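This report refers to the structure that appears directly beneath it.
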Amino acid sequence: MSEITPELVRHLAGLARIEVSDAEVAQFASQLALIVDSVATVKAAVNDEIPATSHPIPMANVFREDIVKPSLTQAQALSGAADSESGRFKVSAILDEE
Amino acid sequence: MSLLNKSASELAAMLGSKEISSVELTKAQLDNIDKLNPKINSYLTVTHELALEQARQVDELRAKGEKLSALAGVPIAVKDNLTTIGVETTAGSNILKGWVPPYNATVVEKILSHRMPILGKTNLDEFAMGSSTENSAYGPSLNPWDLTRTPGGSGGGSSSAVASMQAPLAIGSDTGGSIRFPASVTGTVGVKPTYGAVSRYGLIALGSSLDQIGPVTRNVMDAAMLQDAIAGHDEMDATSLPESLGSMTEAAKNDSVKGLKIGIIKELTGEGFQAGVSERFQEALDLLVASGAEIVEVSCPSFQYAIAAYYLIQPAEASSNLARFDSVRFGLRVMPEGPATVEKVMAATREAGFGPEVKRRIILGTYALSSGYYDAYYGSAQKVRTLIQADLAKAFEKADVLVSPTAPTTAFKLGEKQEDPLAMYLNDIATIPANLAGVPGMSLPVGLAKEDNLPVGAQFLAPARQDARLYKVGAVLEKLLEEKWSKRMLDFAPELKVN
Amino acid sequence: MAKDQLMDYQKALESYEVVIGLEVHVELNTNTKMFCGCANVFGDEPNTNVCPNCLGFPGAMPAVNGKAIENSIKIGLALDCEIAATGRFARKNYFYPDLAKNFQTSQYDEPIAFNGKIDIEVPSGKVFTVEIERAHMEEDAGKLTHVGGSTGRIQGAEFSLVDFNRAGVPLVEIVTKPIYGSGDEAPELAAAYVRSIREIVKNLGVSDARMERGNVRCDANVSIRPKGQEKLGTRTETKNVNSLRSIERAVKYEIQRQAHLLSQGTAIIQETRHWHEDRGATSSGRPKSDADDYRYFPEPDLVPVQPSKEWIEQLRATLPEKPAIRRKRLQDLWGFSDLEFRDVVNSDLLDEIDDTVKAGAKPQAARKWWTGELARIANSEDKDIAELSITPTQVAQIAELVESGKLTDRLAREVLTGVLAGEGDPAEIVAKRGLEVVSDDGALLAAIDKVLAEQPDVLEKIREGKLQAAGAVIGAVMKAMAGSADAARVRELVIQRATEL
């Protein structure tokens, strides 16, 4: 229960790029603590020998041919954009360099 | 019986014999929507013009003697998390308010190619996260059986539409029960096909390894015909099954359950289930036994971890799937207070655009994947999945299909489960295992609970790729019940008074 | 921004051991992108080679390009890697405006190829075996343009524009294991390694391998530790090194910068740095913080890649020669001395010369033109040789014209300039400018006779054996022939004619 602190919630919200208010942080912290407690049972249910299943129906090697397909037009691509300029999506200045 | 009460297969037959036209039918349907939707809020968008235009076209083709598919001309509703060209697609969220996709989901392409007029986009919990539509940014849908109750979720819009004669049938999506649970609380039929049977291309993803698209209908035959219409391999979906699963329509013509072994899942019976639900469930089984089926008891001990595993895997995948809603290329953009950097704009947009349940799950999912916690949470949950598949495989050695009540209770009241997020999650106890394992499941109505006269659903599960078994047993059970009632399930529904 | 202080290079190498690690991204030249059928081309109008997938639209799903898988396996095989029995795609989650889905579909703990090696020869002749940790597949991000600042860079920009044409282009990331013991040759080794990778992918035909186009990109990790210390030093990662020369310079710079800091007792910050070619320096980027928590998990929308043994062997059989073997073969074939050959390799002209020889030129001539005149011109224009507008075939044509005596060396250089200026093929330029050496003795003799007739005293002197006098005649004849005569031949003929007359 103590795992989910407000600091952790802020950190996670930051990773997820969601601005959260102080009230939300407190609320999420307590709600998530409850949830995390209940889901933590999974750890006890398994061991190292059990393999993980990431795909419910096993399949492999699904590829497509290297053949060009029609693209969207520039207008279609930009149709939902909040802002665009000279055919490109426009965003506010970037703070951090990746 | 009014036109609006007929099943899709009946309507298809009438269209085929030209007893009615698609325009007539579609118009009647749209009129009923206009009458009821303001109250029930099944639809977020009603596409009057488009639907009538599509209806006109199919009538023309039929007049010319063109060969048309079985469901051609039957109008249909589409859950609003499937992309539709030229028609607003919101996923029940503010962050996509006003978004008009430039491409169709594959299943939408398919129903258009089958010439089924699209009536509109139905309501859902935001991004399909929820069991009641109370998480929709556009208000909840109401249960036609009792307007103070929810029609289930996330696909409550589709289920309420079909149950209130605002659509003969609908397409929905199911990640943890979002088709099946609403079906059980509205007296309709809902099927989640085998994972990969229906293409997910164009489905706004929630839990990519769990999501599947399926039919929401009034009877088993309609569901069969619709599943046949939308299923099939799609090269745009790398997880779609390469092979066809055969004809569900043929399977739904089955009239015998002699020798069928039905496994009752021990962990999905007993105290946690509303008495009236268990009663109707048991009666349905008795009918099947009387018809020659055999009941065996099976145990799936790993089911006790199913909800926990699900509420780790689904939020984890969702946290990643929903990262794309960042104001850059589509959707809401909210400017922050003070100087704007793109990071701040993203954060302000997502804060404003996502509802609390969505935020909660994104944060939970981020946690489950984060470094240092992956093994304990997401990693462990994926292992629980292996256990669940193993338990089901063992159970299917003893039985052809497995059965349980679809949900522990009948429809709950609006607001009843809003305080405690965990309480809402427990609804899914019987439906979640199918998504974790990828196996198909069908919910069909088995009567009304005596406590509250509200619909009860029974859920059948089949092994992966054996969807046909669901239709075989479902068709027989439905017939037995309708014979017993001398009515159809929806005939029991109270008359809707909307002013 | 304060200027870094650098320790003298040799001094740094006396006290510290260098460890480097190289990450090279290779852009594949497939027809389509990694996860969708949009065209993989450079230079089109923005946002015209895009679709719901590479734009990260709601509901979109990836579909794997089979050719990219094939190419990735080939790269792995060429690097002596083991090819994974099961390779899986994974999501690398982080937010950035050029990342359409705000995650990159990449590979994490199950890359397509791993545990390889490659022998790299440095200019001194020493050979290092560089071990390859892994090669994995991933997709490229879109292109950001920063507007409003003074430098066109992020700092001070008012806003940015995003073009997703490049988003989704297939990349193969090749990561070396830490490279120890390169000593003061670390910079050369880094450059030579990337050069070899370029050669490999170019010869495999899987990439255009042009660094100036971003087809091959390098991030250089550098750390140093005091001699004798076991614990590895803190490493920095330098990005934006766009040429082999930059790689060498950046690695050297980091060694010197870190050595100075350590010698002052200052700790090295683990961070990403950017190389500035104009300043010849690295600068601090953002310190690695939560960007490190990429929350990798298996991509649920894609199924595993399990290449069959048969397929792998089939692809192995199509591999071209390893660079080391190819180089030995070519050196033997061309008969270059070690010094000559090394010069060619270090100038990155191996392919050009190979192509020129294949187009018919003599090896030494090809070498002379590329490492001589063309290198000089590229240098003077501050360009990469690869950017010059001339093809190996054209160079071969010029060499042939000289070889056959149709052009003098001097005229050939004129033709070269003409080709570079876009005037056309060598033959066209020769014709247009009338540069062909007059090899017709008749015409020469006529001109000579004319001059001799006009200068009887010179004729006398030549007959007397004062051959220097011939110079005036030669000069006059050359002038009359507008330079299109071979001076040596004219001299021969003048002397011969003088005795005849």
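Tabulated values for the structure
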| quantity | calculated |
| --- | --- |
| The range A:4-65-the range B:188-223 distance, computed between alpha-carbon centres (Å) | 25 Å |
| Efficiency of FRET between residue B:49 and residue C:11 - r from beta-carbon atoms, R0 60 angstrom, step 0.05 | 0.15 |
| Rough spin-label spacing in nm, given labels placed 7 Å along Cα→Cβ, for residue C:274 and residue A:61 | 4.5 nm |
| Cα lying deepest toward the dipole's positive end in the range A:1-46, options A:31, A:44, A:18, charges on Cβ | A:44 |
| Inter-probe distance in nm under a simple model that places probes 7 Å from Cα toward Cβ, at residue C:155 and residue C:117 | 4.3 nm |
| In Å², nearest 10: area of residue A:48 left accessible to a 1.4 Å probe | 140 Å² |
| Aspartates and glutamates with Cα under 13 Å of residue B:479, excluding same-chain neighbours fewer than 8 positions away | B:255 |
| Helix-derived mean residue ellipticity, 222 nm - over chain C, DSSP H n ≥ 4, -39500 (n - 2.57), to 500 | -11500 deg cm²/dmol |
| Solvent accessible area, Å² - residue B:233, 1.4 Å probe, full protein context | 100 Å² |
| Mean-position separation - Cα centroids, the range C:111-176 and the range C:238-301, in angstrom | 13 Å |
| Two-site FRET efficiency, residue B:275 against residue B:148, from Cβ-Cβ distance with R₀ of 22 Å, rounded to 0.05 | 0.55 |
| In Å², nearest 10: area of residue C:371 left accessible to a 1.4 Å probe | 40 Å² |
| Cα gyration tensor shape of chain A, rounded if a/c is under 1.5, else prolate or oblate by comparing a/b with b/c | oblate |
| Zone of residue B:4's modelled label, taken as backbone nitrogen in the range B:55-94 under 17 Å from a point 7 Å along Cα→Cβ | B:75-77 |
| Prolate/oblate/rounded call for the range B:368-499, Cα gyration tensor, a/c under 1.5 rounded | oblate |
| Average Cα contact separation per residue, the range A:1-93, under 8 Å, 6 or more apart, as relative contact order % | 20 percent |
| Charge dipole (debye, nearest 20) of the range A:1-46; +1 at Cβ of Lys and Arg, -1 at Cβ of Asp and Glu | 180 debye |
| Cα extents of the range C:65-112 along the three principal axes, largest first (Å) | 36, 20, 17 |
| Zone of residue C:457's modelled label, taken as backbone nitrogen in the range C:463-495 under 11 Å from a point 7 Å along Cα→Cβ | none |
| Gyration tensor verdict on the range B:79-177 (Cα atoms; rounded if a/c is under 1.5, prolate if a/b is larger than b/c, oblate otherwise) | oblate |
| Of the trypsin sites (Lys or Arg not before Pro) in the range B:1-95, those whose Cβ has at most 11 other Cβ within 10 Å and which sit in DSSP loop | B:18, B:64, B:67 |
| Within 10 Å of each Cβ in C:136-142, the average number of Cβ atoms from other chains | 1 |
| Computed E for residue B:485/residue A:44 - FRET, C-beta separation, R0 45 angstrom, nearest 0.05 | 0.45 |
| Those GluC sites (Glu not before Pro) in the range C:417-501 that DSSP places in a loop and that have at most 12 other beta carbons within 10 Å | C:464 |
| Whole-percent carbon and sulfur share, accessible surface of the range B:369-499, 1.4 Å | 50 percent |
| Inter-label distance for residue C:468 and residue C:318, nm, one decimal - labels placed 7 Å from Cα along Cα-to-Cβ | 7.0 nm |
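The values are calculated or read from the model by the stated rules, or taken from the named source; none is laboratory data. Note that the structure is predicted; figures quoted are calculated from it, not measured. In this analysis, Cβ positions are derived from the backbone assuming ideal geometry, glycine residues included, and neighbour counts consider all displayed protein chains. Only protein heavy atoms, including side chains, enter the accessible area calculation; ligands, DNA and RNA are left aside. Shrake-Rupley method; radii C 1.70, N 1.55, O 1.52, S 1.80 Å.
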